[in-house]
Amino acid sequence: MRRRDLLKATPLLMAPALARADARPLRFIPNANLSSLDPIWTTALVAIAHGYLIYDTLYGIDAANQLRPQMCAGHNISADELTWTFTLRDGLLFHDGEKVLARDCVMSLQRWASRDSFGQKLSEAAHEIIPLDDRRFQVRLKKPFRQMLYGLGARSCFMMPERMAQTPSSQQVKETIGSGPFRFLPGEWNSGARAGYARFDKYVPRQEAPSFYAGGKMAHFERIEWLVQPDPATGAAALRRGEVDWLEQPLIDLCPMLRKSANVEVAVNDPFGWQMIIALNHLHPPFDNPKLRRALLPAVDQKLFLASVIGDQTELGRLPSGYFGKGQPMASHAGLDVLTGPRDIQRAKRLVAESGYSGEKIVLLSISDRPIYSQLSFVTRALFESLGLNVDFQQMDWGSVITRRVSQSPVEKGGWSVFNTALDGVTATNPGSNFALRGNGRKAWFGWPTDERLEDLRDAWFDAPDLASQKAHAEQIQLRALETLPYIPVGQLFQPTAFRSDIKDIVKAAFPLFWGVRRG
């Protein structure tokens, strides 16, 4: 055999007991209301943060971009790279007391793979995913899939009990039971107000330091309380008074004041940053017209979009922004001259006229309770109106946008044309994880672009044998995306977080993680 036991880890040494946890709850204000409890069904970031609280993953990506075993003890790969055999570590229990078995993981993998853009690629490559016994399962492939561990460790591939994972991914699960360090408390969930979590005292963390989504997930608090607060000024005031411990995303305009407040710290905890975007609906007029989409580019001013969010706190932003996070291996400036050259409103107007646009209504969804998205939407509206586009500006909360954006109906039947959002930096790291950078039509992310060439280039990236080849394919993907515009990137943001000064050891990651953090 050519190679075997590629990443087999030493089994976990069982900890004799968990350290005593803080009986005082950690009080946390999330960035948005937790309206959905299923982080496989939705890509809403608040739901994914909720997922990392209660679910565990087979592998985890660490701060050095290395994939490390998490629920797994390790894995073997056959010489032809077509059979991956995974072994679960000892001591894994679900919150209902049942053991985590290989069949739970198989069903969870299949549900995740039917929904996630990275997982869909795994499904195409897989011949079958089967349990071998209670602790081992195999992924048998039709062709090598070298990005396997990235999918399992960086793409929110959460493990659920088999009965939950049997729920079609088009439907939300009706239970919330994981095997992670915290249990969800359904009786304390009041959408729009609060959510509660309790330490799972039977969770056995790995005996490693936490690093991003990997390492030991030690729970230092008996309880976590999420307190929804849509008004940013009220949230900041509660933090200053010590009524809450952690404010996930303070209003950036308030950060200078918070930095001067007693017993409050402000820090950028996310090393990847966020890619702010304009999402366009490719199914219906007017943005089903590629000429109209391209007509926007001479007028899109990334500096203006970024300034609307960060003001003069320039250290919080990076430009220019392409389709992959600046500073990451796949990032390049290929083709970005269409966004970095002198802005030309008059040229954009001429291109709009030449595109055949005839005044069709554009429904722009503005998220009223997410200040960053709201500010971006006002810049988008001003941009569109400056080009003579007919904008129907509709303001609503983020939960309503999550519900509305799934509609594939035309605008006159409750659909939409455009909204602003942001992709987390891990998602925007590469073509495989960037679910918004797809061209597979009605199976794609919201906007549903169809672009066979983009899909072919993505396939080639997955098959690339080394980093240099991956980078070359990523450049071609960016060039193609700047032609067909599945979405428009408008800047990279490094969002600060704010917390009381006695809150220590927050794990640096793209989402708020609640293991490792303690009161000091």
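Just so it is clear, none of the values below were taken in a lab; they were calculated from the coordinates. As the structure is a prediction and not an experimental result, all values here were calculated from the model. Note that each Cβ is placed from the backbone with ideal geometry, even for glycine, and that neighbours are counted across all protein chains shown.
Which parts of region 468-493 would a label at Glu452 reach, counting a residue when its backbone N lies under 19 Å from a point 7 Å out along Cα-to-Cβ?
477, 480-481, 483-486
On a full-extension model of 0.36 nm per residue, what is the gain between Thr83 and Lys142, subtracting their alpha-carbon distance, rounded to one decimal in nm?
So the extension gain works out to 20.3 nm.
Which links in Lys303/Lys471; Lys291/Lys326; Lys121/Lys142; Lys121/Lys143; Lys121/Lys508; Lys121/Lys291 stretch past 20 Å when you go from one Cα to the other?
Distance filter (> 20 Å) returns Lys303/Lys471; Lys291/Lys326; Lys121/Lys508; Lys121/Lys291.
Would you mind counting up the charge near Leu258? Only other residues with Cβ under 9 Å from its Cβ, with Lys and Arg at +1 and Asp and Glu at -1.
+2
Could you give each residue of region 135-142 its phi-based ³J(HN,Hα) in whole Hz, using Karplus coefficients 6.51, -1.76, 1.60 with θ = phi - 60°, and x for Gly or Pro?
After applying 6.51 cos²θ - 1.76 cosθ + 1.60, I find 10, 10, 9, 10, 10, 9, 10, 7 Hz.
What's the extension gain from Val406 to Thr234 if we count 0.36 nm per residue and subtract their Cα-Cα distance?
58.8 nm
R0 = 25 Å: FRET efficiency of Phe393 with Arg350, Cβ-based, nearest 0.05?
Efficiency, rounded to the nearest 0.05: 0.50.
Can you check what the net charge comes to around Ala21, using other residues whose Cβ is under 12 Å from the Cβ of Ala21 (Lys, Arg +1; Asp, Glu -1)?
For residues surrounding Ala21, the net value is +3.
Short version: ³J(HN,Hα) in whole Hz for each residue of region 289-294, in order, from phi by Karplus 6.51 cos²θ - 1.76 cosθ + 1.60 (θ = phi - 60°), x for Gly and Pro, what are they?
With the stated coefficients, region 289-294 comes to 8, x, 5, 5, 4, 5 Hz.
Let me check against my output: what whole-number percent is the relative contact order of region 55-163, with C-alpha pairs under 8 Å and at least 6 apart?
RCO, region 55-163: 35 percent.
Which translational diffusion coefficient, to the nearest whole µm²/s, is obtained for region 274-493 from the Stokes-Einstein equation, given a Kirkwood hydrodynamic radius over C-alpha pairs, 25 °C and 0.890 mPa s?
140
Mind sorting out which of [x] 73, 60, 48; [y] 70, 60, 41; [z] 83, 59, 44 is the real Cα extents along the principal axes in Å computed from the coordinates?
[y]
Excluding Tyr487 itself, what net charge comes from residues whose Cβ is under 11 Å from its Cβ, given Lys and Arg +1 and Asp and Glu -1?
Summing Lys/Arg as +1 and Asp/Glu as -1 gives +2.
Taking H placed 1.01 Å from N in the peptide plane, check which residues at least 5 places from Asp56 or on another chain put their amide H under 5 Å from its amide H.
So Asp56 has HN proximity to Met159, Ser179, Gly180.
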